[in-house]
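Inspection log for the structure reproduced underneath, given as structure tokens.
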Amino acid sequence: MTFLNGDDSRRESGESYGSSRLRDFAGVFFQNRLATAGLCILAALLVIAVFAPVIAPYEYYDQDLIAALQWPSREHIFGTDEFGRDILSRVIYASRISVMVGIISVTIGISIGGMLGAVSGFYGGAVDDVVMRCVDVLLAIPSILFAIAIAASLGPGLFNMVLAVGLSSIAYYARILRGSVLSIREQEFIEASRAIGSSNVRILLRHVIPNCLAPIIVQGTLGVADGILYAAALSFIGLGIQPPTPEWGGMLSSGRSYIRDYSYMTIFPGLAIVITILALNFVGDALRDALDPKLRR
């Protein structure tokens with residue numbers, strides 16, 4: 001007969017609890033067929049973005065004026081634009097920009113806004129008043145207008161667009177994380193950490209923030225969708241990616257002049273945006289249900 005010492009038994013029970021939580025999460029998440037489909041679409045989008053040079057039938061900058069404005073055919077599945085460039089190739093390459101902008105902008109928003117919200121909620125008092133009043137001012141401005149103002153002041157370009165989209169989301173993550181911290185900071189395990197002499201920074205980083213990750217993960221997933229939409233909007237009005245680099249919003253902008261006679265020029269990049277946003281929303285809703293037991297049906 002084999003006996004387990006205290007550490008081994010705690011380790012075994014911890015691993016069993018962790019694997020049980022993971023199984024519960026996977027069971028709830030994958031029961032949602034829309035979320036499963038959305039996850040498959042996002043996985044395919046990541047593969048397309050990473051291997052765009054291999055998957056795209058043409059280079060996004062290849063021009064063939066003789067083949068300009070051709071409707072979808074066997075040679076050009078999505079047709080060609082006014083310069084004879086293959087629209088399918090440009091949609092594929094544009095997925096790289098959209099994925100990058102969405103992920104980096106969410107990282108900026110969570111890093112800055114999340115830390116501000118965590119510090120505000122944990123320390124309270126004057127710190128909370130100052131931070132939250134600044135957040136209230138930012139929340140009073142529509143985030144898309146805030147992003148446009150930042151992009152207009154910095155000028156067009158990829159870096160400025162990512163920065164504008166990321167900064168416009170700081171207030172939302174600050175508000176979300178502050179609310180989570182307020183509900184956790186007075187719990188017994190926080191008081192126990194204080195009783196054994198843990199510093200406020202250690203408590204905040206080791207105990208408070210890890211227990212607030214669930215709402216941040218959900219909002220971050222939905223935030224990627226917002227980032228892609230905002231990037232498309234900025235490129236559409238000329239404040240984002242500049243030609244000839246393809247971006248879904250920029251492709252919509254260039255195709256609107258031909259929308260009556262060559263509607264396919266706007267249909268395919270528009271569909272790419274719609275499908276990606278729907279997939280992210282499906283996954284975000286399923287994550288919310290899986291991570292919050294109160295919402296499970």
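The values are calculated or read from the model by the stated rules, or taken from the named source; none is laboratory data. Just so you know, these numbers come straight off a predicted model, no measurement behind them. Backbone-built Cβ (ideal geometry, glycine too); neighbour counts: all protein chains shown.
Key figures
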| item | result |
| --- | --- |
| Selected residue (criterion: nearest to residue 226 (Cα to Cα)) from residues of the stretch 154-165 that are touching a helix residue (DSSP H, G or I) at 6+ places or on another chain (Cβ under 9 Å) and in a helix (DSSP H, G or I) | 165 |
| Candidate set from the stretch 257-270 (those that are assigned to a helix (DSSP H, G or I) and modelled with pLDDT of 90 or more); member that is surrounded by the fewest Cβ atoms within 10 Å (Cβ to Cβ) | 258 |
| Pairs with Cβ under 7 Å, 6+ apart, first in the stretch 195-224 and within 30 Å of residue 39 (Cβ to Cβ), second exposed (fewer than 15 other Cβ atoms within 10 Å of the Cβ) | 214/292 |
| Output for the stretch 225-248, where each listed residue is closer than 12 Å to residue 90 by Cα and either without any contact (Cβ under 8 Å) to a residue 24 or more places away in the chain or assigned to a helix (DSSP H, G or I) (or both) | 243, 248 |
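For (1) closer than 30 Å to residue 238 by Cβ; (2) over 21 Å from the mean Cα position of the chain (by Cα); (3) charged (D, E, K, R); (4) surrounded by fewer than 20 Cβ atoms within 10 Å (Cβ to Cβ), each residue gets a yes or a no:
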position	(1), (2), (3), (4)
169	yes, no, no, no
190	no, yes, no, yes
199	no, yes, no, yes
207	no, yes, no, yes
215	no, no, no, yes
